[in-house]
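Every read-out reported here was derived from the displayed coordinates using simple, explicitly stated rules and does not represent laboratory data. As the structure is a computational prediction, the values presented were derived from the model and not from experiment. Using ideal geometry, Cβ is built from the backbone for each residue, glycine included, and neighbour counts are taken over all protein chains shown.
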Amino acid sequence: NLLVILVVLLNKNMHSTTNLLIVNLAAADLLFVIFCVPFTAVDYVADHWPFGTIWCRIVQYLIVVTAYASIYTLVLMSIDRFLAVVHPIRSRMLRTEHITKIAIFTLWTVVLTVSMPVTFTHDLVVHHNYKTNSTYAKCHFIENDLLDWLTFQVSFFISSYLLPLMVISGLYVRMIMRLWRQGSGVRMSKESQRGRKRVTRLVVVVVIAFASLWLPVQLILLLKALNIYVANSMLSVILQIVAQTMAYTSSSINPLLYAFLSDNFRKAFHKAINCSNRYQDYTSDLPPPRKTSCGRTSTTGL
């Protein structure tokens, strides 16, 4: 994810609307991995929450924020593809670098704001271990008069998974109909048509990967809120860990998809790694390599 961010930001010729949204997705995924994976691991391994009340609330807040940021960045990417495919001429004024940055800023502002209640619904809960006659604190959801666990989890499932995927699916149904329909009123060269289909295919694969990898943990959390799934056996705990690992994989698989499905990203990755290797060789007092260009590559999109 960090390589994706650096490759796009350091290469102005890759500053297309889709690539800027890909950078935002990479940033959200990177933050999700940083603030979710280590603390979830500690929660499984340790018998208590060692980071205090404030960090309990901050971590839960950032997990929700980054999860929302990821899925709604995919919504923005789908809208961008929809405009490019269905309204290629009329959308030129909207699909600009400036407007894309405004959309990204607005997305983060909304997500950071609507997720604030999470900080008030999580706190340390003290448990008593009767076998050892000791107490320990765990970071838990705290129900109150305004919000209970079931309401929170159902609303999170709908708003962070079901609703955005329904919107994305509707957009792609329209796009697929337009892409493969014969006799379109918009005339484009075969190369342009192939380029649009290639970019759209990449976004579709990213969305499918996200939906597939997040589905198990979303279902488990929903079933736990309904008291249908209880992690009281080794098998149920293992299933929950596997489901969470799949969700975490979603945050690291996208750069691999870009490398496999996008020629421009693959070339940019190779060039960045090649330049890094040459720099290391130079600083190791080896004979300096022949001067090559590690600058920008010409591209109009992915």
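Using a ≥ b ≥ c from the Cα gyration tensor of segment 92-176 (square roots of the eigenvalues), is it rounded, prolate or oblate, where a/c under 1.5 gives rounded and otherwise the larger of a/b and b/c decides, a/b for prolate?
Note, shape of segment 92-176 comes out prolate.
How would you classify segment 1-135 from its alpha-carbon gyration tensor, with a ≥ b ≥ c the square roots of the eigenvalues: rounded for a/c under 1.5, else prolate if a/b is greater than b/c, otherwise oblate?
It is prolate, given that a/c is not under 1.5 and a/b is the larger ratio.
Would you mind computing, in nm to one decimal, how far apart the modelled labels at H15 and M234 are, each placed 7 Å from Cα along Cα→Cβ?
5.7
Length gain on complete extension for the stretch K138 to V154, per 0.36 nm per residue less the alpha carbon to alpha carbon distance?
Answer, rounded to one decimal: 3.5 nm.
Quick one: order R174, R90, R95 by neighbouring beta-carbon count within 10 Å, fewest to most.
Listing R174, R90, R95 from fewest to most nearby Cβ atoms yields R90, R174, R95.
Taking other Cβ within 10 Å of each residue's Cβ, how do V45, V204, V64 sort, fewest first?
Least to most surrounded, the residues fall as V45, V204, V64.
Rank the residues V110, V8 as a footprinting-exposure proxy: fewest other Cβ atoms within 10 Å of their Cβ go first.
So the residues, fewest neighbours to most, are V110, V8.
Using r as the Cβ-Cβ distance of W55 and L226, and R0 as 25 Å, what FRET efficiency do you calculate, to the nearest 0.05?
Using R0 = 25 Å, I get an efficiency of 0.30.
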